[in-house]
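Taking it in order: structure first as structure tokens, then the write-up.
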Amino acid sequence: MTATPELATLTGEYTLDTAHSTIGFTARHAMVTNIKGKFLDFTGTLHLDGSDPARSTAALDVTMDSIDTGSADRDGHLKSADFFKTDEFPKMTFRSTGAESLGGDDYRITGDLTILGTTKPLTIDLEFNGAAKDPFGNERVGLEGKAEIKRSEWGLTWNAALETGGVLVSDKIKLNFDISAIKQA
């Protein structure tokens, strides 16, 4: 697929604007409701190649201690040895290995997600939300992404059985990314 001339002008190096981006997740709790959370401390870079989107790359580093689900007790449990072991594994990382245009504003990026020292492939479907120059002169791009993982594949296996059947925390976790990135001069 050939990129449009407008897309070609976006080629460059970008840094995630963490004040205007969200790295979040959703997990099923007690088999009846969804609990949403996010990470408050992360950094990331993008190399966008508007002429050849397949040559685009992404890197993301998340501080696991920054997890926020709106409940201090739950956050503390997630940081503990039952889940993320943040003392031993302070970061979660993603490094892209490939990118492709799916047509229109849809893209797919593949890469390696590392949690608890375990690295597995991850595919993220992305929608390009546009580009703009903000009032401060920054050239920005916006992307929205989603993916699903089975947490057990990364060694996140803690759970509790429910009296009515099922488990307290789902194995399937939905990841979501709302990204605003600023082009570097």
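The values are calculated or read from the model by the stated rules, or taken from the named source; none is laboratory data. Computed from a predicted structure; not experimentally measured. A quick note on method: Cβ atoms are made from the backbone with ideal geometry, for glycine too, and the neighbour counts reach across all protein chains shown. Accessible surface is based on the protein model in full, side chains and every heavy atom, while ligands, DNA and RNA are left aside. Shrake-Rupley method; radii C 1.70, N 1.55, O 1.52, S 1.80 Å.
At R0 = 30 Å, how high is the FRET efficiency between Lys174 and Ala81 if r is their beta carbon distance? Nearest 0.05 is fine.
It comes to 0.80.
How much length, in nm to one decimal, is gained on full extension between Ser51 and Glu144, taken as 0.36 nm per residue of separation minus their Cα-Cα distance?
31.4 nm
Which entry in (i) 1.10; (ii) 1.18; (iii) 1.01 is this structure's computed Rg/Rh (Cα atoms, Kirkwood Rh)?
The value computed from this structure is option (iii).
What distance in nm separates the simple spin-label points at Gln184 and Thr97, each placed 7 Å from Cα in the Cβ direction?
2.5
Determine the shape class of the stretch 68-115: with a ≥ b ≥ c the square roots of the Cα gyration tensor eigenvalues, call it rounded for a/c under 1.5, and otherwise prolate if a/b is greater than b/c, oblate otherwise.
oblate
Just in the stretch 1-100: which GluC sites (Glu not before Pro) are loop by DSSP and have at most 12 other Cβ atoms within 10 Å?
Loop-located and lightly packed - Glu88.
Return the FRET efficiency for the residue pair His20, Ala59: r is the Cβ-Cβ distance, R0 is 22 Å, and the value is rounded to the nearest 0.05.
With a Förster radius of 22 Å, E is 0.75.
Would you mind checking Lys133/Lys174; Lys85/Lys183; Lys38/Lys133; Lys120/Lys174; Lys120/Lys183 for any pair whose Cα atoms are more than 25 angstrom apart?
Lys133/Lys174; Lys85/Lys183; Lys38/Lys133; Lys120/Lys183
Multiply the residue gap between Phe136 and Thr157 by 0.36 nm, knock off their C-alpha separation, and tell me the result in nm, one decimal place.
3.0 nm
Would you pull out the residues with amide H under 5 Å of Lys85's amide H, same chain only if 5 or more places away, H placed 1.01 Å from N?
Under 5 Å from the amide H of Lys85 lie the amide H atoms of Ser80, each far enough along the sequence or on another chain.
What net charge is computed for the residues neighbouring Lys85, neighbours being all others with C-beta under 13 Å from the C-beta of Lys85, Lys and Arg scored +1, Asp and Glu -1?
Local charge sum for Lys85: -2.
Which ³J(HN,Hα) values in Hz, rounded to whole numbers, follow from the phi angles of the stretch 113-127 under the Karplus curve 6.51 cos²θ - 1.76 cosθ + 1.60, where θ = phi - 60° and Gly and Pro get x?
Going residue by residue, I get 9, 10, 9, 6, x, 9, 10, 9, x, 9, 10, 10, 8, 10, 10 Hz, with x marking Gly and Pro.
Once you have the Cα-Cα distance between Asp41 and Thr110, take 0.36 nm times their residue separation minus that, and quote the gain in nm to one decimal.
Gain on stretching Asp41 to Thr110: 22.6 nm.
Under a crude label model (7 Å from the Cα following the beta-carbon direction), how far is Glu88 from Asp73 in nanometres?
2.6
Where the accessible area of the chain is counted over protein heavy atoms with a 1.4 Å probe, how much of it, in %, is carbon and sulfur?
Heavy-atom surface of the chain belonging to carbon and sulfur, 1.4 Å probe: 51 percent.
Which ³J(HN,Hα) values in Hz, rounded to whole numbers, follow from the phi angles of the stretch 44-52 under the Karplus curve 6.51 cos²θ - 1.76 cosθ + 1.60, where θ = phi - 60° and Gly and Pro get x?
x, 9, 10, 10, 9, 10, x, 7, 9
When only C-alpha pairs under 8 Å and at least 6 residues apart count, what is the relative contact order of the stretch 63-183, in percent?
Relative contact order comes out at 18 percent.
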